[in-house]
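Asker: Structure provided below as structure tokens; questions to follow.
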Amino acid sequence: MGFVKEFKEFAVKGNVLDLAVAVVIGGAFGSIVKSLVDDIITPAILTPALKAAHLSNLSELVIPGTAIKYGNFISQVISFIIIALALFIIIKGLNSFKKKEAVAPTVEPTPTKEEVLLTEIRDLLAKKA
């Protein structure tokens, strides 16, 4: 099989396309969650703490005399927790939809006359042996 043909089959597989779509949507979702954290949640939660520390921005939290900005770290931890929570809720919702589809009752087909007759013959032969 030629290299180009193999590459074409690989690139056109559904998994590769699904992954590409997931990366693009994940990037867009990440920017939405970042905005949620940076613009809404962080100010709402940390405004009282920042006012008590006489700061206007979380990134201004530094260890005195150093360049260590632990405020940025706190902001990133909050972002991570919210992104993880949002993904958990989305995946949990998708899994519940999949379970509903899988729970659909399966009706076993009734055996045909031939199958019933063959079963009876099998059972009779088993009794003789």
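Asker: For the stretch 44-55, what are the residues that are farther than 18 Å from I32 by Cα and outside any loop (DSSP other than H, G, I, E, B)?
Answerer: I45, L46, T47, P48, A49, L50, K51, A52, listed by residue number.
Asker: With the checklist (1) more than 30 Å from G30 (Cβ to Cβ); (2) modelled with pLDDT under 90; (3) surrounded by 10 or more Cβ atoms within 10 Å (Cβ to Cβ) in hand, flag the one item E120 doesn't pass.
Answerer: Looking at each condition in turn, E120 falls short on (2).
Asker: Quick check on the stretch 90-113: of everything there that is more than 30 Å from V33 (Cα to Cα) and at pLDDT 75 or above, which residue is surrounded by the most Cβ atoms within 10 Å (Cβ to Cβ)?
Answerer: Top of the filtered list is P111.
Asker: Right, here's the next one. Could you figure out which of (1) outside any helix (DSSP H, G or I); (2) small (G, A, S); (3) modelled with pLDDT of 80 or more isn't true of S35?
Answerer: Only one criterion in (1) outside any helix (DSSP H, G or I); (2) small (G, A, S); (3) modelled with pLDDT of 80 or more is unmet by S35, namely (1).
Asker: Taking only the stretch 56-84 into account, find how many residues are part of a loop (DSSP other than H, G, I, E, B) and touching a Gly at 6+ places or on another chain (Cβ under 8 Å).
Answerer: 3
The values are calculated or read from the model by the stated rules, or taken from the named source; none is laboratory data. Everything numeric here is computed off the predicted structure, so don't read it as measured data. Note that each Cβ is placed from the backbone with ideal geometry, even for glycine, and that neighbours are counted across all protein chains shown.
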